[in-house]
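*Asks:* Can you read through this structure? Questions will come right after.
Laboratory data are not the source of any read-out in this text; all were calculated from the coordinates shown. What you see is a predicted model, and the numbers here were worked out from it, not measured in a lab. Every residue, glycine among them, receives a Cβ derived from its backbone with ideal geometry; neighbour counts consider all protein chains shown.
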Amino acid sequence: MEYASAPGAQQKPLDENWKKNMDAIGINMTFKKAKWPDLLKESKAGKLQMWGLGWSAAIPDADSFFVMLYGPNAGQANHSRFSRPEFDRLYEEAKRLPDGPERNAIYREMNRLFLVYAPWRLGVHRIYTDLSQPWTVGFKRHPVMRAFWKQIDIDLPVLATASR
């Protein structure tokens, strides 16, 4: 099995972990090293057997993840080239519905299909440590969105007091 990854100190322990675990179950794993832009290009062209990719949601909605499994998006957002007619039909149906119980039920079925066919192997969940000043209002890291900072404000009177 060939696992593609970028060179560097951050990736090295992840590669070593993959190698150790594959060795433990008798699977020979080799590593293809390339720069990130080259890996991205090869992934979109469907030329990588396996590689790691991180993702954070742009919006707090399951669509932010399911769009990457929608068959017609292969070669674009769908790097795994996952294609299941039932999943794609459900995705299209969910896109037409407003947020609510009916759409959530469809998302649960899509999630079940994702778990059954396993086009991705979820391997890492990074843990962040954040520091905040007393004059920061509304700071709370969102569990999947990176742009949580849009919800943060500054309490100017508290900042003025602290600056004296």
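*Asks:* Can you pull out the trypsin sites (Lys or Arg not before Pro) in the range 79-117 that DSSP calls coil and that have at most 16 other Cβ atoms within 10 Å?
*Replies:* Passing both the DSSP loop test and the Cβ count: Arg81.
*Asks:* In sequence order, what are the phi-derived ³J(HN,Hα) couplings for the range 12-29 according to the Karplus relation 6.51 cos²θ - 1.76 cosθ + 1.60 with θ = phi - 60°, rounded to whole Hz, with x for glycine and proline?
*Replies:* 3, x, 5, 4, 4, 5, 4, 4, 4, 5, 5, 4, 5, 10, x, 9, 6, 10
*Asks:* While we're looking at this one, here's another question. What shape does the chain have by the C-alpha gyration tensor, where a ≥ b ≥ c are the square roots of the eigenvalues, rounded means a/c under 1.5, and otherwise prolate means a/b greater than b/c and oblate the rest?
*Replies:* oblate
*Asks:* Also: Count the lysine pairs in the chain that are 8 or more places apart or on different chains: how many have C-alpha atoms under 17 angstrom apart?
*Replies:* Taking the chain as the scope, the lysine pair count is 16.
*Asks:* Most exposed first by the Cβ proxy, i.e. fewest other Cβ within 10 Å, how do Tyr128, Tyr107 rank?
*Replies:* Working: Tyr128 5, Tyr107 19.
By the 10 Å Cβ count, ascending, the order reads Tyr128, Tyr107.
*Asks:* Assuming R0 = 41 Å, can you tell me the calculated FRET efficiency for the pair Met22 and Leu131, based on Cβ-Cβ distance, to the nearest 0.05? Display every interim value, and only then the final one.
*Replies:* Details: r = 38 Å, r/R0 = 0.92.
Here the calculated transfer efficiency is 0.60.
*Asks:* OK, next. Rounded to the nearest 500, what is the chain's calculated 222 nm mean residue ellipticity when only DSSP H runs of at least 4 contribute -39500 (n - 2.57) each, over all residues?
*Replies:* -11500 deg cm²/dmol
*Asks:* Another question about this same structure. Can you bin the range 1-53 into rounded, prolate or oblate? Criterion: square roots of the alpha carbon gyration tensor eigenvalues sorted a ≥ b ≥ c, rounded for a/c under 1.5, prolate for a/b above b/c, oblate for the rest.
*Replies:* oblate
*Asks:* Let me ask something else about it. Under a plain spin-label model, where a point goes 7 Å from the Cα along Cα-to-Cβ, how far apart in nm are Arg146 and Leu53?
*Replies:* 1.4 nm
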